[in-house]
Amino acid sequence: MSSLSQNPKKTLLFSAMKNPNTLKKKLASRFLKAMKKLKYKMSPSPPASIAEKKRRHRAVRAAAYASMASAVGPRRAWSRALLRKMKGRKRARRNPGNMNTRFGLNHLCDIVPGGEAMDSCSLLNETAHYIKCLVAQVQIMREILHSSSSSSTIL
Amino acid sequence: MSSRRQQSRQSGASRITDDQIADLVSKLQQLIPEIRSRRSNKSSASKVLQETCNYIRNLHQEVDDLSHRLSGLLQSTDADSAQATIIRSLLM
């Protein structure tokens, strides 16, 4: 473990081939913390208006992406772009010369956060990692739903 | 191999070779369940990229849908027990 921290490049490589369980655990703990925070912020009564329901929906979704981005941290360009967006900073410089259209990547760079500032190689790498994290996040949210519905508390 | 070295000497636009792109595209191919179920090596790069876009859009939609359901459930959710179940399932 200590050798990993001494060699930053190796750490990057290992984190790329990370055991999916460590990522999932990190994602889960952050997301659950965020959910707890949301729960305390809200009023205990069920949402009255549609606007309130929408607000809660958006808050949960924002928490999902926020916990994804902060769990991955600044190691990946897409998480950096998400974190920047959340903090309201300006976007990174756009890709000069725009080589993305060369390989038909113009749709992908709009979908992956921070995609327009990347070259084609990094874009594909980032996409792979982004997909992995999204899949893990979706699994976690499903598990939370199932666990709370199976041990259902009847209001 | 020599063509790769030649290309890297040129200015930035051609530094990324087609081989590298094809490599990364095949790596992506492994991640997408749609293409994995079919026989691999048959899909062209553009098909893989298209499927990737669709897959990511679907995942975004799922996150949206799940957060909708979670927000409705938020009142009764006991975060501690949920956390315990998740960690238990991860350790198994």
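Key figures for this structure:
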{"quantity": "Conditions (1) within 11 Å of the chain's Cα centre (by Cα); (2) modelled with pLDDT of 85 or more: number failed by A:Ala59", "calculated": "(1)"}
{"quantity": "Qualifying residue in region A:4-12 (condition: β-branched (Val, Ile, Thr), part of a helix (DSSP H, G or I) and either at pLDDT 80 or above or loosely packed, with under 13 Cβ neighbours inside 10 Å (or both))", "calculated": "no"}
{"quantity": "Region B:8-40, residues that are within 10 Å of chain A (Cβ to nearest Cβ), modelled with pLDDT under 65 and in a helix (DSSP H, G or I)", "calculated": "B:Gly12, B:Ala13, B:Ser14"}
{"quantity": "Those residues of region A:108-148 which are more than 16 Å from B:His60 (Cβ to Cβ), at the interface with chain B (Cβ under 7 Å from one of its Cβ atoms) and either at pLDDT 85 or above or in a helix (DSSP H, G or I) (or both), in sequence order", "calculated": "A:Ser120, A:Cys121, A:Leu124, A:Asn125, A:Ala128, A:Glu143, A:Ile144, A:Leu145, A:Ser147, A:Ser148"}
{"quantity": "Filter result for the condition that a residue is under 18 Å from the mean Cα position of the chain (by Cα), more than 9 Å from chain B (Cβ to nearest Cβ) and at pLDDT 80 or above, over A:Ser29, A:Ser67", "calculated": "A:Ser67"}
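The values are calculated or read from the model by the stated rules, or taken from the named source; none is laboratory data. Only a predicted model underlies this, so the values are computations on that prediction, with no experimental measurement involved. Cβ coordinates were reconstructed from backbone atoms using ideal geometry, including for glycine residues, and neighbour counts include every protein chain displayed.
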